[in-house]
Amino acid sequence: MTINFQARFHSRLDEIDAAKWNALLADDNPFLAHAFLSGLEQTGSLRAEYGWRAHHLGLYKNAELAAAAPLYLKRNSHGEYVFDWSWASAYERVGLDYYPKLLGAIPYSPVNGARLLAGCGADAAGLRGQLLAAIVAEIKRAGLSSAHINFVDAADAEALEQAGWIPRFDWQFHWTNAPVEAGGWRTFDEFLAALSHKKRKNIRHERAQVAQAGIVCELRHGDELSVDEWRSIHQLYLRTFAERGNHPALTEAFFRHLGATMPRQVIVVLCKRGDALVAMALLLRSSDTLYGRYWGSDENIPSLHFEACYYQGIDYCLRHGLKIFEPGAQGEHKIARGFLPTMTRSFHYIADPRFRAAVREALAREGEALLDYREELMAHSPYAHQSPCGPGVPNPPLEGEGS
């Protein structure tokens, strides 16, 4: 029997009930939570003038939400971390409009997870297919150039492959540990012992530099910070983004919103000299993964960035039994500190068949180069016995390998 679903697009996530949205999540990834995504909209962090306009998809059966997808109409490619500027330029050269496009992603956050929210039931695969059909229908109805779904999990990747979307992959640098019963590290010293002598010595030297500068790092959860502390944390974020020439889209209200609505999933590393806050790192966590997100400092202290953004996070994972630490996009320097290349995947639907063929061919060439790049990266693994994902954890599958 054919089940008829109604697809509706929403200009604000608040139009969808939070409990019903969260019931579609397969895990406790904080970036998919209604509180995180709606908070971006409520606090002025996501604006049309920044190129973002919410266009969330709800799939309804008898007026009940059955599946959903966080979607945005984009008028630029900022804040996505999967780069398609060259595609936009190619469209412009032949007099076509690439923007607006439709994007399935977590704004400003290159984190892996579900994008086709279909729950965990037996009908989940079919619901993902229905969501993709609704997205393609919307592309055709609105005359958009393309749709893109970034940083997908394995279940979404399977659905997108079956639907014929164009695959793309890249590498991020993740730290991974095995369960203790499978030989995983229990302490930071055990993690260090798995590294080569040179890398182990370098990390100890960097941590000593921070201590010698009189810096003490203190970890707090979101509900353990005062309004004044949140203000100082946000000021550090603003200052560092401005120094790097980037646009600091996230507002202080959004930071405080996270602390209030996701209090135990927010962790802030406060770097202090005495009572003075000189730097911070803001992270989020799920039940098994730590996500490094935002860094800010008003002093150039040697190795403090590594301590706040990497070593404090690794230590937190070890103390709390988290298996994965995703510290953010890019950064080959992370390899020396225990983070190794892990595949991230995105998929793309290009409406124009000529451009679709050209993009598919270009990404195939890109993929060959990226596989070679991984081999180069792994030659610099810091682990003494080539344990690329932590003890007892196998290599991540390459394109076309494994499941």
Dipole in debye (nearest 20) - the chain, about Cα centre, beta carbon charges: Lys, Arg +1; Asp, Glu -1: 320
Take the alpha-carbon positions of the chain, form their convex hull, and give its projected area averaged over all directions (one quarter of the hull surface) in nm². 20.6
Shape parameters for segment 175-341, alpha-carbon atoms, Rg then Dmax in Å: 15.7, 46
Could you list Val216, Val210 so that the one with the fewest beta carbons within 10 Å of its beta carbon is first and the one with the most is last? Val216, Val210
Listed with the fewest Cβ neighbours within 10 Å leading, Thr344, Thr261 appear as Thr261, Thr344
The pairs in Lys74/Lys272; Lys20/Lys334; Lys201/Lys323 lying past 30 Å Cα-Cα in this model are Lys74/Lys272; Lys20/Lys334
What aspartates and glutamates sit close enough to Lys61 to cross-link, taking a C-alpha to C-alpha distance under 17 Å and skipping anything fewer than 8 places away on the same chain? Glu15, Asp17, Asp123
Counted neighbours (other Cβ, 10 Å), sorted fewest up, put His148, His205 in the order His205, His148
The set of residues whose placed amide H lies less than 5 Å from the amide H of Gly328, leaving out same-chain residues fewer than 5 positions away, is Gly292
If you keep only loop residues by DSSP, which trypsin sites (Lys or Arg not before Pro) in segment 25-109 have at most 14 other Cβ atoms within 10 Å of their Cβ? Arg47
Considering only Tyr311, Ala68, Pro107, whose Cα is most displaced toward the positive end of the charge dipole of the chain, charges sitting on Cβ of Lys, Arg (+1) and Asp, Glu (-1)? Pro107
Restricting to segment 24-164, what percent of DSSP beta bridges are antiparallel, rounded to 5? 75
Report the charge-dipole magnitude of segment 175-341 in Debye, nearest 20, computed about the Cα centre from +1 at each Lys and Arg Cβ and -1 at each Asp and Glu Cβ. 440
Could you give the radius of gyration (one decimal) and Dmax (whole number) of the Cα atoms in segment 6-164, in Å? 15.1, 46
Can you list residues whose amide H is under 5 Å from Leu195's amide H, if they're 5+ apart or on another chain and H is modeled 1.01 Å from N? Ala384
For Lys140, the aspartates and glutamates lying under 16 Å Cα to Cα, once residues fewer than eight places off in the same chain are dropped, come out as Asp97, Asp352
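Express in nm, to one decimal, how much length is gained between Arg12 and Arg319 on full extension, taking 0.36 nm for each residue of separation and deducting their alpha carbon distance. Provide the component values of the computation, followed by the final result.
Working: separation 307, 0.36 × 307 = 110.52 nm, distance 3.83 nm.
Result for the pair: 106.7 nm of gain on full extension.
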Asp352 and Asp275 label points (each 7 Å along its Cα→Cβ direction) are spaced in nm at 6.2
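None of the figures in this text is laboratory data; all of them are computed from the coordinates on show. Everything quoted here is computed from the prediction, not taken from an experiment. Every residue, glycine as well, gets a Cβ built from its backbone with ideal geometry; the counts of neighbours run over all protein chains shown.
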